[in-house]
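Quick note: the coordinates plus some simple rules give every number you see, no bench work behind them. Since we're looking at a predicted model, the values are computed, not measured. Here the Cβ positions follow ideal geometry from the backbone for every residue, glycine too, while neighbour counts run over all protein chains shown.
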Amino acid sequence: MIPLRDYRPSRTFPAVTVALIVVNLLVFFYQGYLGSREAVLNNAAPWEERQLDPPGLDPSAARSYRSGGGAPHLYSLSRSDYLVTQYGLVPYELLHRVDLPPTLPIPFPIWITLFTSMFLHGGLLHVLGNMLYLWIFGDNVEDAMGHGKFLLFYLVCGLAAAFAQTAMSPNSSVPQIGASGAIAGVLAAYFMLFPFSKILTLIPILFFIRLVAVPAVILLGIWFLLQVISGVGSGASGGGVAWFAHVGGFLAGGVLVFLFRRRGVPVTLWDTLRRRRS
């Protein structure tokens, strides 16, 4: 199911949502520009000494390096991948408070990757999919919180997502990148605030495509369940997708919406469930 639009207009211009989309796209275009330039060399030795696969290096190649005696080895990285391994969140580096090659420029500490990783993406579909969800659901959530609170909410959900995925794979050398964890928090806030808003959704059925207006509580509820099922099914590695970052961001957003909403804005789903219970 692919959401295309909602039918709830926002009362204010979603300046933060638009700014986040612009920044993410600019960073992605910069990654593309770097990818067209000549490759650079990275030192695998510090990773091999810790019995870890160097980031950006094929695991089979890493194993052959280690079997060769553990001597320092240089391997090639595209400039785009070099940027990702610098500024992406590597769980092992964060938890061990060590910056292994390729290192960040001085004076950036390793924890800065908690934030920089939210603005990096692994491909065109990755960034466009994330920005589509942010565009559809971000404006109403920003409207319900206010610009400053929404930005803080977005970043805090991104941090929660990063910690959730890191907890599941603490010794991973694979950089975690993408805005999806933070956006999952935005989806949860929409889920709680506007559960009965209709979302125009593209649903492929065999060889046919249907456009259906689906209530947000159903669309986003199914989305969350798929993240949980995919995460449990694929294990800590996630098969290249940070499923538990999505789960962690969504759970954080569902709780933090109570704190970040404007005064007087109802948490509709919670209020509805409470009334039915009473």
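Hey, what's the Cα Rg ratio for the range 81-169 versus the globular rule of thumb, 2.2 N^0.38 Å?
Cα Rg divided by the expected 2.2 N^0.38 Å: 1.22.
Between the range 219-270 and the range 137-154, what is the separation of their alpha carbon centroids in Å?
Result: 16 Å between the Cα centres.
Explain nothing, just the number: dipole magnitude of the chain about its Cα centre with +1 on each Lys and Arg Cβ and -1 on each Asp and Glu Cβ, in debye rounded to the nearest 20.
Result for the chain is approximately 1200 debye, rounded to the nearest 20.
Starting from the Cα gyration tensor of the range 172-268, take the square roots of the eigenvalues, sort them a ≥ b ≥ c, and report rounded, prolate or oblate (rounded when a/c is under 1.5, otherwise prolate if a/b is larger than b/c, else oblate).
Note, shape of the range 172-268 comes out oblate.
Give the order of ILE112, ILE106 when sorted by the count of other beta carbons within 10 angstrom, beginning with the fewest.
ILE106, ILE112
For the chain, just list the percent of Cα-Cα distances falling in each 5 Å bin from zero outward, please.
Whole-percent P(r) values from 0 Å outward: 1, 6, 11, 15, 17, 15, 12, 9, 6, 4, 2, 1, 0, 0.
Just rank ARG210, ARG79, fewest to most, by other beta-carbon atoms within 10 angstrom.
ARG210, ARG79
Find how much the distance from ILE209 to SER76 grows on full extension, using 0.36 nm per residue of separation minus their present alpha carbon separation; answer in nm with one decimal.
Stretched out fully, the ILE209 to SER76 stretch lengthens by 43.5 nm.
In the chain, which whole DSSP H runs stretch at least 15 Å along their own axis (Cα) and average 0.5 or higher on the Kyte-Doolittle scale?
Taking the DSSP H segments of the chain (at least 15 Å long, mean hydropathy at least 0.5), we get 15-35, 124-145, 147-168, 180-193, 216-234, 243-260.
Quick one: order ARG261, ARG275, ARG5 by neighbouring beta-carbon count within 10 Å, fewest to most.
Ranking ARG261, ARG275, ARG5 by Cβ neighbours within 10 Å, fewest first, gives ARG275, ARG5, ARG261.
Which one, GLY240, ALA252, SER230, projects farthest toward the positive side of the charge dipole computed for the range 227-278 from Cβ point charges (K/R +1, D/E -1)?
Value computed over the given set: ALA252.
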